[in-house]
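Got a structure for you, questions after.
No value in this document is a laboratory result; all are computed from the given coordinates. Predicted model only: the values in this text are computed from it and were never measured. Positions of Cβ are backbone-derived with ideal geometry, glycine not excepted, and every protein chain shown enters the neighbour counts.
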Amino acid sequence: MTVFESLPLVDGVVVANASGSIVFWSRAAEALFGYASEEASSLDVARLFDAWPAAPATLIARRKDGSTFLAEVTIDSIDDATSVITIRDRWGDEALESIEELDDIGVFDRDLVGDDLRWSEQLFHIHGLPPAPHPPALEELRARVVEEDRARVLATLDDAIRMQAALRVDYRFRRGEGDLRKLRVIGRVVADETGRALRIYGSVRDITEGERRR
């Protein structure tokens with residue numbers, strides 16, 4: 001899966017009746033949630049969200065595979081019995097706005113609620129790993145950070161999540177025997193309206209060669 005395929009770019013549209021049963025499911029909703037239209041027709045709309053009805057308008061949506069995303073939800077009533085529900089993946093929108101050079105940097109997305117982590121293919125390459133369905137465990141990645149940098153990196157990450165602040169940190173990473181790289185991470189934290197951190201996403205760039213030329 002490319003990073004473009006993993007970022008829903010079109011609003012999903014769902015039509016539900018008064019009891020919450022789904023009577024229309026757009027192709028964009030299928031891409032966003034992972035349910036085929038035949039599957040969606042047997043679902044209650046409340047199944048798609050951690051809280052329903054949607055109040056506030058920004059809430060956690062849940063895909064078929066169990067992963068979550070921050071959704072901006074708009075509800076318009078056609079009549080007393082039918083509602084049109086529009087869902088936008090706010091993480092996908094913000095990620096594309098903040099990452100301008102997708103061809104030469106790695107992209108990550110970590111769900112802080114479900115502790116799910118996604119990497120783009122390029123990010124595996126930056127870490128000296130073959131592409132795989134799932135990234136390595138966080139404990140393994142932390143162990144490869146040079147010991148002198150490890151505490152600083154973890155403290156910077158924890159502060160960004162706790163304060164919902166921008167993340168920027170440089171550190172040294174061991175890709176293999178004798179292969180020491182310097183990486184730069186830039187990220188953003190997404191929080192709900194109560195201030196709870198929901199996910200962190202961003203980019204990783206290998207800046208080793210640029211540092212050597214200085």
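Sorted from fewest to most neighbouring beta carbons within 10 Å, what does the list Leu32, Leu70 look like?
Fewest to most other Cβ atoms nearby, the residues stand as Leu70, Leu32.
Most exposed first by the Cβ proxy, i.e. fewest other Cβ within 10 Å, how do Val204, Val145 rank?
Val145, Val204
Please compute the net charge surrounding Lys64, taking Lys and Arg as +1 and Asp and Glu as -1 over other residues with Cβ under 12 Å from its Cβ.
Neighbourhood net charge equals 0.
Moving to a separate point now. Between Val84 and Ser37, 0.36 nm times their residue separation minus their Cα-Cα distance comes to what?
15.3 nm is the gain from fully extending Val84 to Ser37.
So between Ala51 and Ala137, what do we pick up on full extension, going 0.36 nm a residue minus the alpha carbon distance?
28.0 nm
Using the Karplus curve 6.51 cos²θ - 1.76 cosθ + 1.60 with θ = phi - 60°, what ³J(HN,Hα) values do you get for each residue of the range 146-162, in whole Hz, with x for Gly and Pro?
3, 3, 5, 9, 4, 4, 5, 5, 5, 5, 5, 5, 4, 5, 4, 5, 5
Something else: At Phe124 and Arg144, where each label point lies 7 Å from the Cα along Cα→Cβ, what is the point-to-point distance in nanometres?
Those two pseudo-labels are separated by 1.2 nm.
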